[in-house]
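The values are calculated or read from the model by the stated rules, or taken from the named source; none is laboratory data. Everything quoted here is computed from the prediction, not taken from an experiment. Glycine also receives a Cβ, built like all others from the backbone with ideal geometry; neighbour counts cover every protein chain displayed.
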Amino acid sequence: MNLSIEQLNFQYKNSRERIFEKFALSVQEGQILAILGKSGSGKSTLLRIIAGLEENAEGIIRIGDKLVQSRNIFVPVEKRKVGFVFQDYALFPFMTVSQNIAFGMKVKDKRKLESLFSLVQLEGLEKRYPHELSGGQQQRTALARALAGEPDLLLMDEPFSNLDSTLVMDLREDLKTIIKSQRMTTLLVTHDPEDASALADRTLML
Amino acid sequence: MTFGQKRRKVGAVIALAFLCLILISLPVLAILFKIELAATPEWLHFKEFLLKDTVYNTVYLIVFSLLFSAVLGVLAAVSVALFDFPLKRFFKWFFYMPLAIPPYIAAYVFAGMTGYTGVIQRTLRTYEIPFKPEHLDLMNLRGAVLIYAITLFPYVYGPVRAFLEYHAGGMIEVSRVHGHSPVKIFLKVILPLVRLPMVGGLTLIMMEILGDYGVVRYFNIRTVSSAIFSSWFGSGTTAVALRLSFYMMLLIVVFQGFESFNRSRRRYHMSGQQPRLLEPIPLKGMLRYGVTLGLLIVSLVVFLIPVGQMAVWSVKSYSLVRLDQLFQIIYNTLFYSILASLIILAINLLIVQVRRWQFDQRGKLMDQVVQMGYAIPGAIIAIGAMVIFVGLDKWLYPVYVLFNPESKRLILSTSTVLLVYAFVVRYMAAGYNSVHSGFSKIGIKYSEAASTLGKGRFYSLVKVELPMVKTSLISGFLLTFIDILKELPLTLLLRPYNFNTLASRAYEYANDERIMEASVPALMIVSLSVAALLIFAGIHQKKYKRTQEEVKP
């Protein structure tokens, strides 16, 4: 699905400074866009606005043909059909890997669950709890959970920031292969230009 | 040479910490050694005539009070943590206030209000509204459940709200991104997520109920706790009391073991993650005012109405209370609460230092010994402490005679030393968690940095670390102070002749059916506790704001 943003304005409730002013962006279907920038430049905030987690934004946002935000319309986060991989992954610590991924599905589908395990190479780890996984395995679980709901758009916030550098090189390749195989439009926030050059089709500097 | 001296110093500190741990565990050990599981005549009599009712009542009170407190505590915590609505900031801290009302005082007040001469029945009669008096009767099991739930639910509310605010932000956002309904998010994510703080709070409530004497005595309900008292005061024998104490300790251990087994490998919080604060969801339309109204009604019932009633009764009866005695009682209460809280703080500091420097990974046993007293009802601690002090008096009697040939046999066990010792044993855990978690958060890196600059551990503790954990220490002190201020069973069992605290005086008045006079000391307990809670709330609000600043995206 395409993503388009027009005339986006945003500032935090308790702040006078505008983070976005008349901001515009367009991403084509299947494209991976990396968003780079200094801390505080609004990278993560942009993902949260697109997902519908920030309600104070003004402007027009379309995901595919669906208008999710305009002057009169605000589609709540629950109905936007986006997948979100958070910086800390936000895995449910009291659920197993399998339960975490199944949580992303509207209706539990065993066959689809197995194909997701195989896609993110987590076979054999289904019954483990998140704290029993390595950083890379946790990241892949979060990715599988985000993909389980068959989202129209995938948003990833600093997915490599909690991992050590030797692991990151392998994971970049894996991640690109998985996302491309799903033809998923993806926005990836990172502070590392190497992530952007290894993964993205396009780069945006904030 | 210097190295050798240092080792000896550290050895002395460890020895002192272990001596404190032994002193803390002595009352429990005394009970375990004295316990007689053989069929004594007293036990057989108790078993035949009283055991069934005692167990039924205790189980009834625990099951329904925990259920009611969990519903009230979790719903209040979820509303305040997850949503934005009018008066939210007021409710956030106000729901701690019921902790300022000891359950036995709430019992006197509500029983007085709903009784024949109480404001409710009088109003109904004045306006000729038909009612059945038995429907308003609270002096029964159902009434006790209500009293426990409305006074103790903050034990669930506080930790659940804090957990949701600090640790659930990411997980609730993920659930929303996946399009799940609010009901599904509540059942599948929030309830399992808050299990740990909820069970922690419920365990404290269970201990409070098991240890309570004031409510059940006033409502005339036979429970394990009241049976311990009556067998101690009534027959003067300890066999039944000790045996019941032992079973109660066993029940608490089984409850904690069951919960731990049931949790298995599951965790409820990923360690090492920076907290992501929950962004509250603004409620819209009528729901916004509906939630405010609902919580306002809860606030009225759990705090404002009982305190208002106490204030009215206090004004009416103030002239009947002897002021000279009242000032002495206030002095006793404050002096012994502050003294015991300071001793507890000092011992906690000592134990935490030894634990973090010497037994970091193996210190769980130390935690358990410190916390044991809190898990054991006051009546049991009292019996254990009494056994120890009577033994100590026997042992010291030749020394007493040296100073005074006509000395009494029991000196220490009839003095306030015994009471302070029992307070320390019982309430060590109230402040320990604050002190322990304060030092855990800063780790040992600051002390290590100071030592590379040539400063010793004691110097860096005083100059660097104590200022950093100041708020944790103050919180620990305040929580202990509030607990001791409200304490009743230990004081009733161990106080010297003619010694009173605000709690014991309120109990005496209420027991003589002088409810109005009872409200004067009761209102003072509530006011002092509220003052301490407000300082506590202020400290935590500052901490929350600081975290908000630190984790801003």
| remark: By my count, helices (runs of 4 or more DSSP H) wholly in the stretch B:473-553 with at least 3 residues that are more than 22 Å from the chain's Cα centre (by Cα) are B:502-511, B:515-550
| task | Identify the single condition in (1) assigned to a loop (DSSP other than H, G, I, E, B); (2) surrounded by 24 or more Cβ atoms within 10 Å (Cβ to Cβ); (3) not hydroxyl-bearing (Ser, Thr, Tyr) that B:Gly179 does not satisfy, given that it satisfies every other one. | result | (2)
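This table checks each residue for (1) more than 12 Å from every other protein chain (Cβ to nearest Cβ); (2) crowded, with 16+ Cβ neighbours inside 10 Å; (3) in contact with a strand residue (DSSP E or B) (Cβ under 8 Å, 6 or more places away or on another chain).
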{"site": "A:Gln69", "(1), (2), (3)": "yes, yes, yes"}
{"site": "A:Gly83", "(1), (2), (3)": "no, yes, yes"}
{"site": "A:Phe86", "(1), (2), (3)": "no, yes, yes"}
{"site": "A:Ala90", "(1), (2), (3)": "no, yes, no"}
{"site": "A:Thr96", "(1), (2), (3)": "no, yes, no"}
{"site": "A:Phe103", "(1), (2), (3)": "no, yes, no"}
{"site": "A:Lys106", "(1), (2), (3)": "no, no, no"}
{"site": "A:Leu119", "(1), (2), (3)": "yes, yes, no"}
| Looking at A:Phe74, is it crowded, with 17+ Cβ neighbours inside 10 Å and among the hydrophobic types (A, V, I, L, M, F, W, C)? | no
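To keep it simple, each residue is scored yes or no on (1) farther than 30 Å from B:Val59 by Cβ; (2) at pLDDT 90 or above; (3) surrounded by fewer than 19 Cβ atoms within 10 Å (Cβ to Cβ); (4) not polar (S, T, N, Q).
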{"site": "B:Arg243", "(1), (2), (3), (4)": "no, no, no, yes"}
{"site": "B:Met249", "(1), (2), (3), (4)": "no, no, no, yes"}
{"site": "B:Ser260", "(1), (2), (3), (4)": "no, no, yes, no"}
{"site": "B:Arg288", "(1), (2), (3), (4)": "yes, yes, yes, yes"}
{"site": "B:Phe303", "(1), (2), (3), (4)": "no, yes, no, yes"}
{"site": "B:Ser317", "(1), (2), (3), (4)": "yes, no, yes, no"}
{"site": "B:Asp324", "(1), (2), (3), (4)": "yes, no, yes, yes"}
| query | Looking at this structure, is B:Gly373 closer than 30 Å to B:Met206 by Cβ and not charged (D, E, K, R)? | reply | yes
| message | Taking the condition of being crowded, with 16+ Cβ neighbours inside 10 Å and either among the aromatic types (Phe, Trp, Tyr) or within 13 Å of chain B (Cβ to nearest Cβ) (or both), how many residues in the stretch A:122-138 meet it? | response | 5
| task | Determine whether A:Leu113 is more than 14 Å from chain B (Cβ to nearest Cβ), closer than 22 Å to A:Thr96 by Cβ and free of Cβ contacts under 8 Å to residues at least 40 places away in the same chain. | result | yes
| query | In this structure, is A:Ser44 more than 10 Å from chain B (Cβ to nearest Cβ) and either under 30 Å from B:His167 (Cβ atoms) or of a type in the set (Ser, Thr, Tyr) (or both)? | reply | no
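I'd like the full set of residues that are within 14 Å of chain A (Cβ to nearest Cβ) and assigned to a helix (DSSP H, G or I), limited to the stretch B:189-221.
B:Val189, B:Ile190, B:Leu191, B:Pro192, B:Leu193, B:Arg195, B:Leu196, B:Pro197, B:Met198, B:Val199 - these are the residues of the stretch B:189-221 that are within 14 Å of chain A (Cβ to nearest Cβ) and assigned to a helix (DSSP H, G or I).
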| query | Can you name every residue in the stretch B:378-409 that is out of contact with any helix residue (DSSP H, G or I) (no Cβ under 9 Å at 6 or more places or on another chain) and of a type outside the set (D, E, K, R)? | reply | B:Trp395, B:Tyr397, B:Pro398, B:Val399, B:Val401, B:Leu402, B:Phe403, B:Asn404, B:Pro405
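Counting only residues that are more than 24 Å from the chain's Cα centre (by Cα) and over 24 Å from B:Ser231 (Cα atoms), how many does the stretch B:356-391 have?
So the answer is 7.
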| remark: Filtering the stretch B:354-386 down to residues that are of a type outside the set (A, V, I, L, M, F, W, C), under 17 Å from B:Ser245 (Cβ atoms) and part of a helix (DSSP H, G or I) yields B:Gly373, B:Tyr374, B:Gly378, B:Gly384
| said: Return the pair list, or none, for Cβ contacts closer than 6 Å from residues in the stretch B:156-183 that are within 8 Å of chain A (Cβ to nearest Cβ) to residues that are among the aromatic types (Phe, Trp, Tyr), at least 6 apart or on different chains. | reply: B:Gly170/A:Phe86; B:Met171/A:Phe92; B:Val177/A:Phe84
| field | Cross-chain or 6+ apart pairs with Cβ under 7 Å, the stretch A:117-142 first and among the acidic types (Asp, Glu), then buried (at least 16 other Cβ atoms within 10 Å of the Cβ) | value | A:Glu123/A:Phe117; A:Glu126/A:Thr96; A:Glu126/A:Val97; A:Glu126/A:Ser98; A:Glu126/A:Phe117
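Taking the stretch A:139-174 only, how many residues are over 19 Å from A:Ala34 (Cα atoms) and within 9 Å of chain B (Cβ to nearest Cβ)?
Number satisfying all stated conditions: 3.
Condition check: polar (S, T, N, Q), crowded, with 17+ Cβ neighbours inside 10 Å and either within 28 Å of B:Pro192 (Cβ to Cβ) or without any contact (Cβ under 8 Å) to a residue 24 or more places away in the chain (or both). Does B:Ser69 satisfy that?
Details: polar (S, T, N, Q): yes; crowded, with 17+ Cβ neighbours inside 10 Å: yes; either within 28 Å of B:Pro192 (Cβ to Cβ) or without any contact (Cβ under 8 Å) to a residue 24 or more places away in the chain (or both): yes.
Answer is yes for this residue.
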| request: Please tell me if B:Leu138 is under 29 Å from B:Ser504 (Cβ atoms) and either more than 14 Å from every other protein chain (Cβ to nearest Cβ) or modelled with pLDDT of 90 or more (or both). | output: yes
| Given the residues B:Pro154, B:Pro159, B:Pro197, B:Pro133, which is the only one that is crowded, with 19+ Cβ neighbours inside 10 Å and farther than 19 Å from B:Leu278 by Cβ? | B:Pro154
| request: For the stretch B:428-451, name all the residues that are under 25 Å from B:Ala12 (Cβ atoms), assigned to a helix (DSSP H, G or I) and free of Cβ contacts under 8 Å to residues at least 24 places away in the same chain. | output: B:Tyr446, B:Ser447, B:Glu448, B:Ala450, B:Ser451
| task | Test A:Ile50 against the criterion of being modelled with pLDDT of 85 or more and within 22 Å of A:Lys176 (Cα to Cα), and give yes or no. | result | yes
| In the stretch A:34-57, what residues are in contact with a Lys or Arg (Cβ under 8 Å, 6 or more places away or on another chain) and exposed (fewer than 15 other Cβ atoms within 10 Å of the Cβ)? | A:Asn56
